[in-house]
Amino acid sequence: MSSVKRQIGFDEAAFDARTAENVVVGGEIVRHRLSSRVIHWTVANTFFLCLLTGLPIWTPVFGWLGNLFGGLSVCRILHPYFGVAFFLASLTMFVHWSREMKMTREERGWVGPRLLAYLRDAENHEKIGKYNGGQKVFFYTSFLASLGLLASGIVGWFPLSFPQGVRIAAIIVHDVTFVLFLVSIVFHIYLATTAEPGTFNAMTRGTVSKAWARIHHPKWYRELLGNGKR
Amino acid sequence: MAVNELEVRRSSASVLGFLGGARKLPTVSKYIDTSTCIGCKACEIACQEWNDLPEVATVQAGSYQTLPDLHAGYWNLIRFNEMEHGDTLVWLMRKDQCMHCEDPGCLEACPAPGAIVQYANGIVDVNPDKCIGCAYCASGCPFNVPKFAEKTGKMQKCTLCVDRSRVGLEPACVKSCPTGCLHFGTKDDMLSLAKGRVAQLKATGFAQAAVYDPPGVGGTAVVTVLAHGDHPEWYGLPKDPQVPLGVKLWKGFLRPLGFLAVLGAVVGAFGHHLYHGNKGHVDPGPRDPDETGTAA
C-alpha cells in the first residue's frame, strides 16, 4: 500500500474487509467480508419488513403498525412479496455460509445443555472456532424457519387454490414458526449487541478486535495468530 | 355493507372481544322450509336485484342448479340434490346462503378489526372498508360461504338484507318466494313456525323431519326445516358444523401463547443482561503482546 494513502488516514482494515475474511489487519481481524455483511443485512431488513407488515395481521394489538405502510390492506398485499424476498435472501445466506457452518458431532450438544451453559457463562470456550455451536444451530433453524414460512405463506397468499383444512394448517404453521423464529431473533439480536460488546462491529465494519476473538472464539484466534506466538 | 344505525354486538379482531349490549334487540331469523321449495329461483333473482349484484354466468352441470357453488356475486343459490332413498328418488332443493351463525367462525378467524361484524340483531356482515381480502373468514366458515370477489379484492356474502331488515322489511328473497317456504321474523317466532311444520311433516310420513339449527355454532339465524332431518348431508349441510378446531386452537391458545413467548424472550434477554452482565467485560487473558485496546 502506498505511503500516501497511509498519510491521509486510509482505513486499511475496512478496505481489506471488502474482499478478505479471516485476516489480521493491525490490531483487528476481519470476521465478515462485505458480501457476507450485505447478505446478512438483506436477510435482516427483509425480515423486519415482513415483521412490520405481519404483526398487524397477527394481532390487532399491533394494528397501529399497519399504518406505516398505508393500512392493513396494503400490508396484506406487501407481506407476501417481502416474504419471498426474505426467503430468497435466506436461501442465499444458507448457500453462502453452509460450508463454514458444518457441525461436528461434539457441537450437537448446543441444541440443549451447552446452549444453556453458554448463557450461564459456564461453557468451556477453548474449542470454539469461528462459529460456536449455538450460532450454527441458529443458522440451520433460521433456514428451516424460512422454509416453513415460505411453504405456509404461499398457502396464505393464494388461499383460493387450497382446501380449507390445508389453509387452517398453514395459518397454524405460519404462526408457530414465526413465534419460534421471533423468539430466537430476540436472543440473536441481544447476544450480538448488548450481551457481547464488540460483536455488532463484526457485522457492520466487518472486523473484531484480537481480544474479542481470543475471548469468544479462541480456536479461530489460534488458527489465525498461531498458538500464542503473536 | 356497514350500517351505522345498527349496534354492533361483536366485531372481528377486537382486542377486548365483545362490544355493544346497550340495546336489546331480538335475533332476527330467516325460515326456510325445504319441503315446500319448488326450485323456482325467484329468491336468487330477488337477491341479485336488491343487492345490485352483477350478472354471473351460469354453469350447466347436469341439473337445474345455477352455479356449482355460492359466488362473490351470487349470495343465494338453490341447491338441487338428487338422492336415492330406498327404491325412490328424492329430489331435494335447499336455498343456500350465509347461515348467520350465533358464534360465527368467519368473525373468529378474521384478522382485520371490524371487517366482520355481528349486529345486535344477530346478522353477520362483511364490512368492505375494513376487509383485507385474506380469505381467513372462508377458512373459519363451516358452511363454506364467504367468497372472494376478484374485482374488489374483498370477501362477499349474504347480508340477510340488513339494509331492509333494519327498517322492518323482510329480506328480498323472502319477499319474492311464491310458495311461502320462506319467512322472516324473530328467531323465536321462526323456530316455533319450524316446529309446527316439522310436526306436520311427521304426521304425513316424514318421521325423521327436523329443524336444522346446529348447536355447534350456537345456532344459526337461518332456521331450516328438513324432511329428512337425520340426513342434513343430503341437502349439502354439514351434520354437526363447528368453528374449525384449528381456528379455535390458533386464536384461543396458540396466539396468546405466542404473544407471551415473545414477551418472555424480551424480558428474558433483559433479565439475562441484568444478572450476567457483559460477556468479555473481564478479559481472561493471557493477552498477546501486540494486542491493543479492549474486546469491544
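The values are calculated or read from the model by the stated rules, or taken from the named source; none is laboratory data. None of the values given here were measured: they were computed from a predicted structure. Every residue, glycine among them, receives a Cβ derived from its backbone with ideal geometry; neighbour counts consider all protein chains shown.
Considered as a group, the residues in region B:66-92 that are assigned to a loop (DSSP other than H, G, I, E, B) and more than 23 Å from the chain's Cα centre (by Cα) include one that is modelled with the highest pLDDT, and that residue is B:87.
Of the residues examined, residue A:181 is not one that is of a type in the set (Phe, Trp, Tyr) and surrounded by fewer than 16 Cβ atoms within 10 Å (Cβ to Cβ). From the list B:223, B:174, B:243, B:267, the one residue that fits, being assigned to a helix (DSSP H, G or I), β-branched (Val, Ile, Thr) and touching a residue at least 60 places away in the same chain (Cβ under 8 Å), is B:174. Here residue B:179 meets the list (1) β-branched (Val, Ile, Thr); (2) under 20 Å from residue B:79 (Cβ atoms); (3) within 24 Å of the chain's Cα centre (by Cα) almost entirely, failing just condition (3). Sort through B:73, B:17 and tell me the only one that's of a type in the set (Gly, Ala, Ser), assigned by TED's automatic domain parsing to the domain that holds residue B:235 and buried (at least 16 other Cβ atoms within 10 Å of the Cβ). From the options B:73, B:17, the qualifying one is B:73.
Please tell me if residue A:217 is crowded, with 19+ Cβ neighbours inside 10 Å, of a type outside the set (Gly, Ala, Ser), in contact (Cβ under 8 Å) with a residue 40 or more places away in the chain and more than 8 Å from chain B (Cβ to nearest Cβ). Even if it seems obvious, please write down each step before you answer.
On the way: crowded, with 19+ Cβ neighbours inside 10 Å: yes; of a type outside the set (Gly, Ala, Ser): yes; in contact (Cβ under 8 Å) with a residue 40 or more places away in the chain: yes; more than 8 Å from chain B (Cβ to nearest Cβ): yes.
Criteria met by residue A:217.
Residues in region B:1-60 that are hydroxyl-bearing (Ser, Thr, Tyr) and part of a loop (DSSP other than H, G, I, E, B): B:12, B:14, B:27, B:34, B:35, B:36, B:58. Determine if region B:257-278 includes at least one residue that is surrounded by 12 or more Cβ atoms within 10 Å (Cβ to Cβ), of a type in the set (S, T, N, Q) and within 9 Å of chain A (Cβ to nearest Cβ). Yes; the residues of region B:257-278 include at least one that is surrounded by 12 or more Cβ atoms within 10 Å (Cβ to Cβ), of a type in the set (S, T, N, Q) and within 9 Å of chain A (Cβ to nearest Cβ). Looking only at residues that are more than 14 Å from chain B (Cβ to nearest Cβ) and of a type in the set (S, T, N, Q) in region A:73-121, which one is surrounded by the fewest Cβ atoms within 10 Å (Cβ to Cβ)? Ranking the qualifying residues of region A:73-121, first place goes to A:104. Just the residues that are out of contact with any Ser or Thr (no Cβ under 6 Å at 6 or more places or on another chain) and more than 8 Å from chain B (Cβ to nearest Cβ), please, taken from region A:168-179. A:177, the sole residue that qualifies.
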